[in-house]
Amino acid sequence: RDQQFYIPKNAARSTKLCQDRFSVCKDYSKNGGCQSSPGWMIVHCCESCDEALNASELIDPKKRCSKENLNTPEPVWKAGDLNKLFESWATNETLKDEFGLEVVSSPEPEKYQATWEKASEGAPWVVVFNNFLTDSEVADLIRGGEIEGFERSTDQGNINEVGEMEKVVSKTRTSSNAWCMHSCERLPGVRSATKKIEEVTGIPYVNYESFQLLNYEKNQFYRSHHDSSSTDTTPAGHRILTFFLYLSDVEEGGETYFNKLDLAVKPKKGKALVWPSVRDDNPTYWDARMFHEAKDVIKGKKMAANHWIHMNDYHTPNDWGCTGSFT
């Protein structure tokens, strides 16, 4: 109790990047951790994984996250593929009957019977599936958030020399969120919801971020933002599609509002809202029209989930610690 600890005046942070941060590193390595979680292990248990992974070299994110090291496949979209997907939806009677597909906005609003009264020629695609989720899928997504535990939403901060991204408490986003992983991803309703999205989009699950689960209480919001950036040279590439699922009705407020379009979509339990974040003529560049926000919940509660879908394989870069996080 009476012990005193003194920090030497010459004490400084180690300049050695490749080191074991934890005493359990050697045990993790012996139990196959270097192979099952290479990104986390390279950053946190570099010495213990040096022989298995050449970790002292791959601690450098420029080497670890190169397309050569990750064996990055071809992108899922080329110029013109965005329009092809949405046009196929807009003309698919089965999707209209089964999921209540509704074209809200499109580049050719008359041709595709867009329901938004302000839709004009050249407008971006925005569609809803009015009854996309079953009650059991909604229940499992909500349960998954409870299992993982909701925390105050954060923004992305600075990235350090080994590729770790700082989490910063958001000033423009007051909701709580959770990431659906591990036991959450194994819930039957969660698996079927993801499978349904794969079937509709034709894009494999390896391009998806885990479900983000969202909880907005009264007066909570998310101010204007874009789901991608103007250009994206990361291994996973752009978030090309947002597949947003409403898990509750909201008595008042909580709309998804596209600021530059002046378009608002009201939450409804089981509804899916889908929009692209990139351009059809150049899907390696963002569509700057797609800024949006979650309007304040005035009365009631809003629960939602979303898959962000990337241009390239997302899971491999995530496993190798090339998405800013180490899970």
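The values are calculated or read from the model by the stated rules, or taken from the named source; none is laboratory data. Everything numeric here is computed off the predicted structure, so don't read it as measured data. All Cβ positions, glycine included, derive from the backbone under ideal geometry; neighbour counts span all protein chains shown. The area values use the complete protein model at the heavy-atom level, side chains included, leaving out ligands, DNA and RNA. Shrake-Rupley method; radii C 1.70, N 1.55, O 1.52, S 1.80 Å.
Okay, which of region 281-323 sit inside 18 Å, backbone N to the point 7 Å along the Cα-Cβ direction of residue 22?
319-322
Excluding residues fewer than 8 places away in the same chain, name every one of the lysines whose C-alpha is closer than 17 Å to that of residue 266.
Result set, ordered by chain and number: 118, 218, 295, 299, 301, 302.
For the chain, what is the convex hull volume of the alpha-carbon atoms per residue, in Å³?
Enclosed volume per residue, from the Cα hull, is 172 Å³.
Taking the alpha-carbon distance from residue 62 and a cut-off under 22 Å, which lysines remain once sequence neighbours fewer than 8 residues away in the same chain are dropped?
Answer for residue 62, where 22 Å is the Cα cut-off: 16, 167, listed by chain and number.
Leaving ligands, DNA and RNA out of it, report the carbon-plus-sulfur percent of the accessible area of region 259-300 at a 1.4 Å probe. Let's see the in-between values first.
Working: 950 of 1790 Å².
Carbon-and-sulfur percentage of accessible area, whole number: 53.
When ranked by the protection proxy of mean other Cβ atoms within 10 Å per residue, highest first, what sequence do the peptides 60-71, 300-311 form? Write out the running numbers ahead of the final one.
On the way: 60-71: 15.2, 300-311: 23.1.
Packing order, densest peptide first, comes out as 300-311, 60-71.
In what sequence, largest accessible area first, do 285, 257 appear using a 1.4 Å probe? Show your work: numbers first, answer last.
Working: 285 90, 257 50 Å².
Most to least solvent-accessible, the answer reads 285, 257.
Straight-line reach only, C-alpha to C-alpha below 13 angstrom: list the aspartates and glutamates that residue 260 could link to, leaving out same-chain residues fewer than 8 apart.
Partners found: 287, 293.
Report the gain in length on full extension from residue 169 to residue 15: 0.36 nm times residue separation, minus Cα-Cα distance, nm rounded to one decimal. Before the final figure, lay out each step's value.
Working: separation 154, 0.36 × 154 = 55.44 nm, distance 2.85 nm.
Additional length available on full extension: 52.6 nm.
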